[in-house]
């Protein structure tokens, strides 16, 4: 009985963490796409990097770093990253890149 309850709670917790991570990934993807459109660069790819759990100064949340590649002219490739804490974007870093003349 207790063992069954333990497994139900464990599976539910793992499912909730998976659902939270998927939701966070979708929000990060939308934010990165919007940022690339704002600065007029082409988004090439997005990948989830490292993540950690924490709750200093707030509720339990997942902090995840997403790496993305973008191009200015379709020939070169630059790598940036975005950091999400929970479902909020904390930082977006894009290295210096040449601005294309219109």
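Quick notes on this structure:
- Largest mean-square fluctuation among 39, 92, 83, in a Gaussian network model of the chain whose springs join Cα atoms under 10 Å apart, belongs to 39.
- Among 17, 75, 44, the residue with the largest mean-square fluctuation in a Gaussian network model of the chain, with springs joining Cα atoms closer than 10 Å, is 75.
- CD proxy at 222 nm, helix term only [per DSSP H run n ≥ 4: -39500 (n - 2.57); per residue of the chain; nearest 500]: -13500 deg cm²/dmol
- Note on residue 72/residue 50: beta-carbon distance plugged into 1/(1 + (r/R0)^6) with R0 of 25 Å gives a FRET efficiency of 0.40.
- Residues residue 8 and residue 93, FRET efficiency given R0 of 30 Å [Cβ-Cβ distance, rounded to 0.05]: 0.15
- Rg/Rh, computed from the Cα trace of the chain with Rh as the Kirkwood radius, has the value 1.15.
Laboratory data are not the source of any read-out in this text; all were calculated from the coordinates shown. This one's a predicted model, so the numbers in the text were calculated from it and none came from an experiment. FYI the Cβ positions are ideal-geometry reconstructions off the backbone, even for glycines, and counts take in every protein chain you see.
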